[in-house]
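The values are calculated or read from the model by the stated rules, or taken from the named source; none is laboratory data. Please read all numbers here as calculations on a predicted model, not as lab measurements. As a convention, Cβ positions derive from the backbone with ideal geometry for all residues, glycine included, and neighbour counts pool all protein chains shown.
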């Protein structure tokens, strides 16, 4: 249910930004309503033919470069993870956070 709601919100935003008049709120909301009705009704929506998507492939040079980039990223990540396991991790302190006092200091000498 949540995914469908998010998809309709994307449709609403797309219609509002690209297909509605922006001269008054009443006209804009009317255009939104009409756009949502058109996108909701399968008969009306099927009347509009969508332009075909252009499908193109990458050249061999581009594919080789992409493979090299992926290999470098994978190797770099593996080396970084190996280094992290060897080093002891200490928690970092926030820049504006005050240093914590030791227990003996907070008891006022008790």
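Scanning segment 10-52 for residues that are over 27 Å from the mean Cα position of the chain (by Cα) and in a loop (DSSP other than H, G, I, E, B), which turns out surrounded by the fewest Cβ atoms within 10 Å (Cβ to Cβ)? Reasoning before the result, please.
First, pick out the residues of segment 10-52 that are over 27 Å from the mean Cα position of the chain (by Cα): 21-31, 33-34, 37-38, 41-49.
From the residues that got through so far, the ones that are in a loop (DSSP other than H, G, I, E, B) too are 21-24, 41, 48-49.
Values: 21: 9, 22: 10, 23: 8, 24: 9, 41: 11, 48: 8, 49: 6.
Filtering segment 10-52 for residues that are over 27 Å from the mean Cα position of the chain (by Cα) and in a loop (DSSP other than H, G, I, E, B), the one surrounded by the fewest Cβ atoms within 10 Å (Cβ to Cβ) comes out as 49.
Report whether or not residue 55 is in a helix (DSSP H, G or I), at pLDDT below 85 and within 26 Å of the chain's Cα centre (by Cα).
Numbers: in a helix (DSSP H, G or I): no; at pLDDT below 85: yes; within 26 Å of the chain's Cα centre (by Cα): yes.
Considered against the rule, which asks whether it is in a helix (DSSP H, G or I), at pLDDT below 85 and within 26 Å of the chain's Cα centre (by Cα), residue 55 comes out as no.
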